[in-house]
Amino acid sequence: MRLISLNVVKEGMVVGKTIWNEAGHPLLHQGVVINHRIIERLRQLNIRYIYIDDLISNGIQIEETVNPVVRHRVVTEITKTFETVKTLKGAQASYIIDQQSKAISGIVEGLLDTILNSHEFLTILSDAYLYDQYLYHHSFQVTLYSIAIAKELGYSYEELRLIGIGAILHDIGKLLIPTEILNKSGALTEEEYNEMKLHTRYGFDLLRNLHSISLLVAHCAFQHHERLDGSGYPRGLVEFEIHPFAKIIAVADVFDAVTSNRVYRDKLLPSEGVAILEQGAGTLYDANVVEALKKCVVHYPNGTVLTLSNNRRGIVSRQNELHPATPYVRIFEENGEMLVATYEINLAIESAKIIEKVDTEFIPSE
C-alpha cells in the first residue's frame, strides 16, 4: 500500500487501509474500489490522504503500534472521563478526576506495556481515523509519543507512568474553554487567544490538589506550553524552570498537533513535523528531547513515495531498525522511466541529502 493525497485520487483506485470513524466502525473498508461518490465523501470529511493498493506498492504493509481495537477502547475511556469533567466545575470536576485516577493509571500502564514490548519505531496512523473530538485522540497520541520519548531517554517505569498520566491530562483545562473558541475554524482574535492560553492554568487548578495523582502531573498541564527561551505561556518560564516531564510533553504535543488534521489547517507529514521541532531545538524545545523523538518515531512511513536526488523515485518499503530517518526504499523509477524490475536500497548507506521530497501526488504514467 502507499500513501496518496486525496488531490490525485482517481476512480478505480483500491483502498489499501481501512478508515475508521469515531465510533470504532469502519467507514471505508480496505479493498473497496474507489468511485466518484467516495471521493466526494472523503472531501466532505476533510480527509487529506488515504492509503491505496497498486502495483508499485505491492506487498508493502504498515501497521500502527496500537491496533485500532485497542485505540478505540482507550480513546473511549479517555472520552468518558473528560466528558464527565466537562459537565462539572471546580472541586466537583477535580473530585471526578480523583475518582477516575485508577482507570487513567490503567490506561497508561496498558500503553506502557505496548511500547515497552515493541522493538519497532512508534507509528501512529492519524490518516486512518476520522474524529470530531480532536482533544481526546490528541491526548491519546501525545501519551504514546511522550512515553516513547521518555523510554528513549532512559526513564524508570514509575517515571514513565507519571509522564503518561501527565500526557493524558495535559490538555484537560481545555474542557473549561468555550467550545466556540476551541473549535473555531479561523484565526483566533487576540482576546480569544488569551482565553485559550488559560487552559494551562485551568488544568493546573483541576489537578493540583488531587490525592491520587502526583503534583508533577499538574505541572505537566501547567508547563507544556512553556518554551526554553521564555517565549511560552502562561508564566514565561525559561529552561531551568521547566520540569523535564513538561519538556517531553511539549515536544510530543507539538509533533502530534502539526501532524494531525485540524479544522484550521492541513496536517504535515511526520518528516515535516520533525523538521519543525529541529528548527526550535535548543531555543524553544529541549534538544535532547527532540533528538529522542527523532530516534523513536517513523519519519517516512511505509508506503511513502520519495523523490531522490539522483533522478530516482521510490517507495518506502520497510524501516531501518538503526536509523529511523533513513528507511529502505523500493526504487521503481529512474530518469523518468518506470523500471520493469524494481530494486531496494538502504538510505542509511546513501548520501545524507538523498531525499529531495515526499511525493504524495505521484501518479504512474499510463
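The values are calculated or read from the model by the stated rules, or taken from the named source; none is laboratory data. Owing to the predicted nature of the structure, the values given are computational and were not obtained by experimental measurement. Here the Cβ is made from the backbone with ideal geometry for all residues, glycine too, and neighbour counts use every protein chain on show. Quick note on the areas: whole protein, heavy atoms, side chains included, nothing else; ligands and nucleic acids left out. Shrake-Rupley method; radii C 1.70, N 1.55, O 1.52, S 1.80 Å.
Worth a mention:
- One residue from N288, N302, N311, N335 being touching a Ser or Thr at 6+ places or on another chain (Cβ under 9 Å) and not acidic (D, E): N302
- Qualifying residue in segment 45-53 (condition: among the aromatic types (F, W, Y), touching a residue at least 24 places away in the same chain (Cβ under 8 Å), under 27 Å from E152 (Cβ atoms) and out of contact with any Asp or Glu (no Cβ under 6 Å at 6 or more places or on another chain)): no
- Any hit, segment 297-308, residues being open to solvent by 40 Å² or more (accessible area, probe 1.4 Å), more than 25 Å from S365 (Cα to Cα) and not in a loop (DSSP other than H, G, I, E, B): no
- Residue in segment 86-102 that is touching a residue at least 60 places away in the same chain (Cβ under 8 Å), hydrophobic (A, V, I, L, M, F, W, C), closer than 23 Å to T259 by Cβ and surrounded by fewer than 22 Cβ atoms within 10 Å (Cβ to Cβ) present: no
- Taken over segment 12-59, residues that are at pLDDT below 95, more than 25 Å from L339 (Cβ to Cβ), in contact with a strand residue (DSSP E or B) (Cβ under 9 Å, 6 or more places away or on another chain) and open to solvent by 60 Å² or more (accessible area, probe 1.4 Å) amount to 6.
- Count of segment 187-217 residues, restricted to those that are assigned to a helix (DSSP H, G or I) and closer than 16 Å to L175 by Cβ, is 13.
- So V316, is it surrounded by 21 or more Cβ atoms within 10 Å (Cβ to Cβ) and of a type in the set (A, V, I, L, M, F, W, C): yes
- Failed condition for F245, given (1) part of a helix (DSSP H, G or I); (2) open to solvent by 30 Å² or more (accessible area, probe 1.4 Å); (3) at pLDDT 95 or above: (2)
- Residues in segment 259-295 that are in a helix (DSSP H, G or I), crowded, with 20+ Cβ neighbours inside 10 Å and out of contact with any His (no Cβ under 7 Å at 6 or more places or on another chain): 6 in all.
- Failed condition for V254, given (1) under 30 Å from Q92 (Cα atoms); (2) open to solvent by 10 Å² or more (accessible area, probe 1.4 Å); (3) of a type in the set (A, V, I, L, M): (1)
- Some residue of segment 221-231 being open to solvent by 60 Å² or more (accessible area, probe 1.4 Å) and among the small types (G, A, S): yes
- Candidates V297, V251, V263 - the one that is of a type outside the set (S, T, N, Q), at pLDDT below 90 and under 23 Å from Y134 (Cβ atoms): V263
- Segment 177-204, residues that are open to solvent by 70 Å² or more (accessible area, probe 1.4 Å) and in contact (Cβ under 8 Å) with a residue 24 or more places away in the chain: N183, S185, A187, R201
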